[in-house]
Ligand code: MRU
């Protein structure tokens with residue numbers, strides 16, 4: 001990740017503190033938030049200071065390491081298990097959060113003595129975060145071949161480096177292609193209600209120097225009809241065994257439009273997003289968020305009312321795109337047809 005010519009990671013463990021880019025302030029200000037205690041780390045996931053599947057996975061892992069560092073010798077297991085539950089309960093959809101917390105919990109539980117368990121927790125959390133960055137870099141290398149010179153690409157929400165520890169999933173192939181000199185153009189939709197496309201992806205692409213245009217969510221069908229979109233690539237929050245994909249609300253509509261126009265539709269995600277215990281997309285828990293996110297838009301000075309205050313709103317944060325609409329899933333080990341994902345996960 002490059003911001004102002006400097007390399008950063010979205011989230012890090014520094015001593016007993018978790019340090020993350022404060023994503024709620026972007027693109028107005030580039031600031032960090034530091035948490036001292038796992039409960040504050042859980043709050044940062046819940047209030048979306050940190051968001052994106054991989055980033056909340058790493059934050060959950062660091063939060064649990066933080067909890068192990070702070071737990072008493074006397075009630076060590078009980079306190080750590082309560083922290084694991086507290087971190088898991090912050091957001092229900094992204095599989096990476098559950099996988100990151102489970103990975104560190106297993107490392108903790110493999111040690112008998114709290115002092116060794118604390119060390120194991122910190123090492124495991126760091127390993128998890130480093131693996132996230134490496135996997136995303138590798139997704140970029142595999143995925144770059146899908147984007148030839150001159151390609152016009154549509155993406156949704158933010159599945160860039162802000163959504164992971166580094167590199168990102170859907171944007172990583174675009175960064176790799178851009179760095180080897182291919183000229184790409186990215187259509188970024190705003191992604192109402194929270195505006196991750198407008199506020200995060202457009203800003204990220206700008207930092208990386210990738211040519212892009214921000215559009216309202218309603219524009220993409222018209223662009224496709226005018227043959228101005230060659231590929232779609234999006235991220236994922238959870239992938240079911242049959243290749244169905246939960247991703248930011250609006251992804252399903254994009255996939256239907258891509259199918260109607262014969263445009264290849266790719267999903268990019270590390271294997272930590274794959275949930276082998278979930279048979280199909282209807283079983284993926286979909287987070288519903290506050291009605292206020294629909295009524296308001298977030299400006300530099302806070303929320304601004306942009307709707308009738310008296311109307312009820314419905315705000316599902318994710319939708320499910322069925323496997324049949326997906327051309328391929330780009331992972332750190334290769335690109336797979338959705339129907340072959342389960343087989344690939346076992347090899
Ligand atoms: O609600 P968010 O912003 O945490 O949403 C998650 C996402 O960032 C997107 O759904 C993304 O496309 C997949 S996560 C890389």
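The values are calculated or read from the model by the stated rules, or taken from the named source; none is laboratory data. Keep in mind that this is a model prediction, so the values were computed, not measured. Don't worry about glycine lacking a Cβ; one is built from the backbone with ideal geometry, like all the others, and counts go over all protein chains shown.
Could you identify the single residue in 263, 286 that is assigned to a loop (DSSP other than H, G, I, E, B), crowded, with 16+ Cβ neighbours inside 10 Å and within 16 Å of the ligand (Cβ to nearest atom)?
Criteria check complete, one pass: 286.
So if I check each of 58, 68, 83, which one is modelled with pLDDT of 95 or more and in contact with a strand residue (DSSP E or B) (Cβ under 6 Å, 6 or more places away or on another chain)?
Only one candidate qualifies: 58.
Being more than 16 Å from the chain's Cα centre (by Cα), under 26 Å from residue 58 (Cα atoms), away from the ligand (no atom under 13 Å from the Cβ) and at pLDDT 95 or above, is that true of even one residue in the stretch 150-163?
no
Do we have any residue at all in the stretch 185-193 that's within 15 Å of the ligand (Cβ to nearest atom), within 19 Å of the chain's Cα centre (by Cα) and surrounded by fewer than 21 Cβ atoms within 10 Å (Cβ to Cβ)?
The answer is yes, given that some residue of the stretch 185-193 is within 15 Å of the ligand (Cβ to nearest atom), within 19 Å of the chain's Cα centre (by Cα) and surrounded by fewer than 21 Cβ atoms within 10 Å (Cβ to Cβ).
Those residues that are over 19 Å from residue 84 (Cα atoms) and within 16 Å of the ligand (Cβ to nearest atom), I need them from the stretch 21-48; list them, please.
Within the stretch 21-48, 21, 22, 23, 24, 25, 26, 27, 33 qualify.
Specify the residue that is farthest from the ligand (Cβ to nearest atom); the eligible residues are those in the stretch 66-97 that are under 21 Å from the mean Cα position of the chain (by Cα) and crowded, with 24+ Cβ neighbours inside 10 Å.
87
Please enumerate the residues belonging to the stretch 222-260 that are within 16 Å of the ligand (Cβ to nearest atom) and surrounded by fewer than 18 Cβ atoms within 10 Å (Cβ to Cβ).
253
So residue 118 passes all but one of these: (1) more than 14 Å from the ligand (Cβ to nearest atom); (2) farther than 18 Å from residue 275 by Cβ; (3) crowded, with 24+ Cβ neighbours inside 10 Å. Which condition number does it fail?
If we test residue 118 against (1) more than 14 Å from the ligand (Cβ to nearest atom); (2) farther than 18 Å from residue 275 by Cβ; (3) crowded, with 24+ Cβ neighbours inside 10 Å, just (3) comes out false.
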